[in-house]
Amino acid sequence: GQQLNQSPQSMFIQEGEDVSMNCTSSSIFNTWLWYKQDPGEGPVLLIALYKAGELTSNGRLTAQFGITRKDSFLNISASIPSDVGIYFCAGQRGKTSYDKVIFGPGTSLSVIP
Amino acid sequence: SAVISQKPSRDICQRGTSLTIQCQVDSQVTMMFWYRQQPGQSLTLIATANQGSEATYESGFVIDKFPISRPNLTFSTLTVSNMSPEDSSIYLCSVRSGADQPQHFGDGTRLSIL
């Protein structure tokens, strides 16, 4: 079945550093989504990508839809303590109601003040 | 985006009992989904609950164990039946306002079975 891989699995960074994480698949996806989950809460949508090559920013976050449509990247600039959490990528093959969203295993981010 | 409220936010239950989780959305949505997130894991889709049709279950999930209702465009329930400790998880409601729209999540129900 369709699977998403995320790397790294976890990261420990110093406050102020930039962060890069990625998501890969053996299948093509036509929508890529990035979510952040804080402890005790549900995932919150950060960025949605709909076109191959698309680069979208949301504040200090920037995400890209890979040209091959099999990967996506999320970058966080100048990290702060509240960036701590688990980041999930998710992919959707099509845009019909039958197309389910598949989630990656997540990247756990820790920020050292 | 839609505001999604889940009740209860957490519960501790005895094995063999059943619990019904409610999901209320502040706007009408065509697609609702129920996910399970086991401790330290990612999200696994249990079923899709679109109004006006029977819920569609993913492999490994059955209606007898996880009956779902979707009486209108703003509300759904998931029941976890005959619970065992293996059912201890976070159960999350998710909605999509249209086929080409991204999914949004409630804060989940944290369920522990003793």
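The values are calculated or read from the model by the stated rules, or taken from the named source; none is laboratory data. A quick note: this is a predicted structure, and the numbers were derived from the prediction, not measured. Cβ coordinates were reconstructed from backbone atoms using ideal geometry, including for glycine residues, and neighbour counts include every protein chain displayed. Areas reflect the complete protein model, heavy atoms only, side chains present, ligands, DNA and RNA absent. Shrake-Rupley method; radii C 1.70, N 1.55, O 1.52, S 1.80 Å.
Contact with the other protein chains removes 20 Å² or more of accessible area, compared with the isolated chain and a 1.4 Å probe, from these residues of the stretch B:82-114: B:R96, B:A99, B:D100, B:P102, B:Q103, B:H104, B:F105, B:D107, B:R110. Sorted on the mean count of surrounding Cβ atoms within 10 Å across their residues, most packed first, peptides B:83-91, A:28-36 read A:28-36, B:83-91. Highest GNM mean-square fluctuation among B:C93, B:C13, B:C23, for chain B modelled with Cα contacts below 10 Å: B:C13. Using all pairs of distinct alpha-carbon atoms, the Kirkwood hydrodynamic radius of chain B works out to 14.0 angstrom.
Applying a 4.7 Å Cβ-Cβ cutoff to chain B leaves B:C13 as cysteine residues with no disulfide-compatible partner. Residue by residue along A:36-43, Cβ atoms of other protein chains within 10 Å of the local Cβ number 6 on average. Inter-chain Cβ neighbour count for A:94-106, averaged per residue, equals 4 (cutoff 10 Å, partner chain atoms only). In the protein assembly as shown, the portion of solvent-accessible area held by carbon and sulfur atoms comes to 49 percent [1.4 Å probe, whole percent, DNA, RNA and ligands not counted].
Rounded to the nearest 100 Å², what's the accessible area chains A and B bury against each other, both chains counted, probe 1.4 Å? Summing both chains' loss of accessible area gives about 1600 Å².
Spin-label model, A:E15 to B:S53: label points 7 Å out along the Cα-to-beta-carbon direction sit 5.0 nm apart.
Note on chain A: with a GNM built from Cα contacts shorter than 10 Å, the maximum mean-square fluctuation among A:F73, A:F65, A:F12 falls on A:F12. Each peptide among B:98-104, A:103-109 gets the average number of other Cβ atoms lying within 10 Å of its residues, and from highest to lowest they stand as A:103-109, B:98-104. Each pair of Cα atoms in chain A enters the Kirkwood radius, and Stokes-Einstein at 10 °C and 1.306 mPa s then converts it into a translational diffusion coefficient of 113 µm²/s. Cross-linked pairs A:K70/B:K7; A:K70/A:K95; A:K100/B:K7; A:K70/A:K100: Cα-Cα separations exceed 28 Å for A:K70/B:K7. The mean of 1/r over all pairs of different alpha-carbon atoms in the protein assembly as shown, once inverted, gives a Kirkwood hydrodynamic radius of 18.1 Å. Using θ = phi - 60° in the Karplus curve 6.51 cos²θ - 1.76 cosθ + 1.60, the 3J(HN,Hα) couplings for the stretch B:27-37 round to 8, 6, 10, 7, 10, 10, 9, 10, 10, 10, 10 Hz; x is entered for Gly and Pro. Only Cα pairs under 8 Å and 6+ residues apart enter the sum, and on that basis the relative contact order of chain A stands at 36 percent.
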